[in-house]
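J.: Attaching a single structure in structure tokens format; questions to follow.
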Number of protein chains: 2
Amino acid sequence: MALAEFELIRQYFNIDALTFERTGIVLGPGDDCALLDIPKGYNLALSVDTLNEGVHFPAGADAYQLAQRCLRVNLSDLAAMGAEPLGFTLALSLPDVSESWLQGFSQGLSACAGNYRCSLLGGDTTRGPLAITIQVHGLVAAGQALRRSGASVGDAIYVTGTLGNAALALPYLTHQSGYELADLSAEQRGFLQVAFYQPEPRVDAGLALTGLASAAIDVSDGLASDLGHILQASGSGSGSDSDMAALGAIIDTAQIPLAAEFAGLAAAHDALPLALGGGDDYELCVTVPPQHEAQAQAAMKALNLRFSRIGEVIAGSGIMLRDANGESQPMRLSGYRHFGGGDNE
Amino acid sequence: MALAEFELIRQYFNIDALTFERTGIVLGPGDDCALLDIPKGYNLALSVDTLNEGVHFPAGADAYQLAQRCLRVNLSDLAAMGAEPLGFTLALSLPDVSESWLQGFSQGLSACAGNYRCSLLGGDTTRGPLAITIQVHGLVAAGQALRRSGASVGDAIYVTGTLGNAALALPYLTHQSGYELADLSAEQRGFLQVAFYQPEPRVDAGLALTGLASAAIDVSDGLASDLGHILQASGSGSGSDSDMAALGAIIDTAQIPLAAEFAGLAAAHDALPLALGGGDDYELCVTVPPQHEAQAQAAMKALNLRFSRIGEVIAGSGIMLRDANGESQPMRLSGYRHFGGGDNE
């Protein structure tokens, strides 16, 4: 039976819909290692993320949706680096082998992988509590990667898309008291499902912003927390250079981009905390030097992507919130952080 | 508290003992992605493995030993490809945060990483049942990787080291009835501990065998099973070329290399099944064309590594066992295979 299970798994992952002819991939799944040949003038960008049942997604989540979310969340790290997706590995722990689950997961994975021509390079399937670890690999021109550490005083702060949607979705999708999906319209339910399970990795935006943005991060822990990572990595908070000044930010709360569907669902007093503190949106937060703003805006317009100037990098430390009347106060929100804090990347 | 846990984890993994200056590593942990610059003329080899508590290692395993095993098992995949270790990522799921556990794990990881100058590139730490996923990355001269698919009729079959030790250790280390560690000498206990937790990835051997061996694999599922992978990938069983002949092997059972400590512990009727069918030894099994045998033997002798000629690749299919009297019969062993079968690489 173990052998039959193995063959079943192989059947759902060794498929053409998951492997693509790509320059750079010398050898895909099936040997002790995969082999990559990185084109001259390029660096390989790589990032790994684990999603555990009951921690990063609700128990019993639909396999197709789950696969989508897992790969998209990882591709977002490539986007934040300005890298083009090349391939991914999949380490999958399964409590048991269900053919319908495997079929759904494989189809969800294929749909997303095909969209980015991101090829399965290899993997490992084991018995264990449901957990999905994906490592993505992408190409970025040498010296062009968007790091967290390039922001300076006076740079504008932008975000792509809209914020807070995934954080709004979470209590509904985990059936928390007072949040009944059944009370919503079909459109609202669809909006929340997509917000949580199908966040759009901003790959094209990241590629277009290389050479324009001074720093970038994807919003996984919440804007406040992730912008804080940029400020810390770019300023003296990084501890790497005592000549560097501490960096802070001022955010214009009226400029925080909210989806119309979000505004229709979030209570007024919840909107700003969700948009600033909620995680899992996977939009890009970038800093742009003044001389590149017009070009960056034009590039995002060409992608038909909302691109909101929400504030500026300032000398000092911490994040200030400025309201529509021009009055400022220190932000008292903290980013969403699941147990143990995630990334040590 | 979550934040405190996060900082605690960071403290044990963001350490100099885990990151090394290496040509090829442009950016290590701390950003959305790590960045690699692969030297001209080289390919990047990569492989991922997950180890789950209660499946791949006993519950309550010592953290130092466990870290050693996890990284060594992964490095073995690089060895089997003839690649030199460069760096690794670590995706760690922890049910809770214990400082003593983190300290032990970090020290075990550092000891092994330092030995191979294999640098931590990034990772992800999450709450969940104890699981460790490591992806290793190594360099191999373009076109020189040892694949599973190069064996031909008449090639000799060799294995490094000795076989069966880890399979012998397992029932002792999991406290199975009739296998009492307390009944053994300190030397015997040490032998079994090392066999299971500190298998030696044959990195130097893999590097030395590039250009000499026609195919290679590391013995993770058992010699019978892993040699079968070579025969299948190299022969018509791979389905990739209808002109290729099916390949089989003949194994001289008297030539199977056994450790003296193994022979002293294994019951006579168990020795051969353990050595041929038992997994987790992480020795290399390679095929060598006749014209390269002398050079391959000399290379292994220079490494002071036991290198046993155990048989030959033959036309046909399946594995035949030939005893000391020259009598042959089809092998009826099957390789150890944990649930779901492991690798789809």
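The values are calculated or read from the model by the stated rules, or taken from the named source; none is laboratory data. Note that the structure is a prediction, hence the values are computed from the model and not measured. Every residue, glycine among them, receives a Cβ derived from its backbone with ideal geometry; neighbour counts consider all protein chains shown.
J.: Being over 10 Å from A:ALA169 (Cβ atoms) and more than 24 Å from the chain's Cα centre (by Cα) is the filter here, so list the residues in the stretch A:180-194 that pass it.
T.: A:GLU180, A:ALA182, A:ASP183, A:LEU184, A:SER185, A:ALA186
J.: If I go through the stretch A:182-202 residue by residue, how many of them are surrounded by 13 or more Cβ atoms within 10 Å (Cβ to Cβ) and farther than 19 Å from A:ALA260 by Cβ? Even if it seems obvious, please write down each step before you answer.
T.: If we filter the stretch A:182-202 for residues that are surrounded by 13 or more Cβ atoms within 10 Å (Cβ to Cβ), which is where we start, we get A:184, A:188-189, A:191-202.
Imposing the further condition that a residue be farther than 19 Å from A:ALA260 by Cβ reduces the set to A:197, A:201-202.
Summing the residues that are surrounded by 13 or more Cβ atoms within 10 Å (Cβ to Cβ) and farther than 19 Å from A:ALA260 by Cβ in the stretch A:182-202 gives 3.
J.: Right, something else. From the list A:LEU276, A:LEU333, A:LEU272, which one is out of contact with any strand residue (DSSP E or B) (no Cβ under 6 Å at 6 or more places or on another chain) and either in a strand (DSSP E or B) or modelled with pLDDT under 90 (or both)? Walk me through it before giving the result.
T.: Details: A:LEU276 fails: either in a strand (DSSP E or B) or modelled with pLDDT under 90 (or both); A:LEU272 fails: either in a strand (DSSP E or B) or modelled with pLDDT under 90 (or both).
From the options A:LEU276, A:LEU333, A:LEU272, the qualifying one is A:LEU333.
J.: Same structure, new question: Would you check which residues across the stretch A:9-26 are within 9 Å of chain B (Cβ to nearest Cβ) and over 30 Å from B:GLY30 (Cβ atoms) and list them? I'd like the intermediate steps shown before the answer.
T.: The first filter runs over the stretch A:9-26 and keeps only residues within 9 Å of chain B (Cβ to nearest Cβ), leaving A:9-10, A:13-14, A:26.
Within the stretch A:9-26, A:ILE9, A:ARG10, A:PHE13, A:ASN14 qualify.
J.: Do we have B:SER100 as more than 20 Å from B:GLY30 (Cα to Cα) and either outside the structural domain of B:LEU51 (by TED's automatic domain parsing) or outside any helix (DSSP H, G or I) (or both) here? Walk me through how you get there before you give the answer.
T.: Working: more than 20 Å from B:GLY30 (Cα to Cα): yes; either outside the structural domain of B:LEU51 (by TED's automatic domain parsing) or outside any helix (DSSP H, G or I) (or both): no.
When the stated conditions are applied, B:SER100 does not pass them.
J.: How many of the residues making up the stretch B:42-68 are assigned to a loop (DSSP other than H, G, I, E, B) and more than 11 Å from chain A (Cβ to nearest Cβ)?
T.: Initially, the stretch B:42-68 is screened for residues assigned to a loop (DSSP other than H, G, I, E, B), giving B:54-56, B:58-62.
Cutting the leftovers down to more than 11 Å from chain A (Cβ to nearest Cβ) gives us B:58-62.
Summing the residues that are assigned to a loop (DSSP other than H, G, I, E, B) and more than 11 Å from chain A (Cβ to nearest Cβ) in the stretch B:42-68 gives 5.
J.: Which ones in the stretch A:279-300 are more than 11 Å from A:THR160 (Cα to Cα), at pLDDT 95 or above and not acidic (Asp, Glu)?
T.: Start the filter on the stretch A:279-300 by keeping residues that are more than 11 Å from A:THR160 (Cα to Cα), which leaves A:279-280, A:287-296, A:298-299.
From the residues that got through so far, the ones that are at pLDDT 95 or above too are A:287-296, A:298-299.
Those that are more than 11 Å from A:THR160 (Cα to Cα), at pLDDT 95 or above and not acidic (Asp, Glu): A:THR287, A:VAL288, A:PRO289, A:PRO290, A:GLN291, A:HIS292, A:ALA294, A:GLN295, A:ALA296, A:ALA298, A:ALA299.
J.: When the stretch B:19-35 is examined, which residues are found to be surrounded by fewer than 22 Cβ atoms within 10 Å (Cβ to Cβ) and either acidic (Asp, Glu) or part of a helix (DSSP H, G or I) (or both)?
T.: Matches in the stretch B:19-35: B:GLU21 only.
J.: Please go through (1) under 30 Å from B:GLY28 (Cα atoms); (2) surrounded by fewer than 18 Cβ atoms within 10 Å (Cβ to Cβ) for B:ALA145 and return the number of the only condition it doesn't satisfy.
T.: (2)
J.: Ok, one more. So how many residues does the stretch B:288-312 have that are of a type in the set (A, V, I, L, M) and either outside the structural domain of B:ALA246 (by TED's automatic domain parsing) or over 22 Å from the mean Cα position of the chain (by Cα) (or both)? Explain how you work it out, then say what you get.
T.: First pass over the stretch B:288-312, keeping only residues of a type in the set (A, V, I, L, M): B:288, B:294, B:296, B:298-300, B:302-303, B:305, B:310.
Next cut, either outside the structural domain of B:ALA246 (by TED's automatic domain parsing) or over 22 Å from the mean Cα position of the chain (by Cα) (or both) only: B:294, B:298.
So the answer is 2.
Yes/no per residue for (1) within 7 Å of chain B (Cβ to nearest Cβ); (2) surrounded by fewer than 24 Cβ atoms within 10 Å (Cβ to Cβ):
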| position | (1), (2) |
| --- | --- |
| A:ASP37 | yes, yes |
| A:LEU90 | no, no |
| A:GLU99 | no, yes |
| A:ILE134 | no, no |
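J.: A further question follows. With the checklist (1) outside any loop (DSSP other than H, G, I, E, B); (2) facing chain B (nearest Cβ under 9 Å); (3) over 16 Å from the mean Cα position of the chain (by Cα) in hand, flag the one item A:ALA79 doesn't pass.
T.: Looking at each condition in turn, A:ALA79 falls short on (3).
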